[in-house]
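So the structure is just underneath, and the comments pick up after that.
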Amino acid sequence: MRRQKNKSMSTKSQISSVNVLLIEDDAVTRRIMSLAIEAAQGLRLAASFDSVKPAHHAIPTATSWW
């Protein structure tokens with residue numbers, strides 16, 4: 001009896017990267033998190049912000065980041 005491949009595994013392998021929008025008010029923490037995201041396989045730092053307001057205003061144009 002053959003086992004079927006797990007559908008989530010095959011879908012997961014087709015995803016090239018996940019875009020991340022980072023919001024963090026502390027500059028040092030934001031930089032550390034940005035570096036970690038950029039170094040992680042499968043993640044792409046789309047943008048980072050120091051507060052919600054500028055991030056919220058950027059969301060309508062977020063599709064240009066992908």
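Residues that are assigned to a loop (DSSP other than H, G, I, E, B), of a type outside the set (D, E, K, R) and modelled with pLDDT of 95 or more within the stretch 43-66 comprise just one, Ser51. Listed by first and then second residue, the pairs linking a residue in the stretch 34-48 that is within 9 Å of Asn19 (Cβ to Cβ) to a residue that is among the small types (Gly, Ala, Ser) and surrounded by 13 or more Cβ atoms within 10 Å (Cβ to Cβ), with Cβ atoms under 6 Å apart and 6 or more places separating them unless they lie on different chains, are Leu45/Ser34. Name the pairs whose Cβ atoms lie under 8 Å apart, with the first residue in the stretch 7-24 and in a strand (DSSP E or B), the second modelled with pLDDT under 80 and loosely packed, with under 10 Cβ neighbours inside 10 Å, and 6 or more positions between them or separate chains? Sorted first by the residue in the stretch 7-24, then by its partner, the pairs are Asn19/Trp66.
The set of residues from the stretch 28-59 being among the hydrophobic types (A, V, I, L, M, F, W, C) and loosely packed, with under 14 Cβ neighbours inside 10 Å comprises Val28, Ile32, Leu35, Ala36, Ala39, Ala40, Val52, Ile59.
Residues in the stretch 1-40 that are farther than 23 Å from Ala58 by Cα and modelled with pLDDT of 95 or more: Ala39, Ala40.
The values are calculated or read from the model by the stated rules, or taken from the named source; none is laboratory data. Nothing here was measured: the structure is a model prediction, and the numbers come from that model. All Cβ positions, glycine included, derive from the backbone under ideal geometry; neighbour counts span all protein chains shown.
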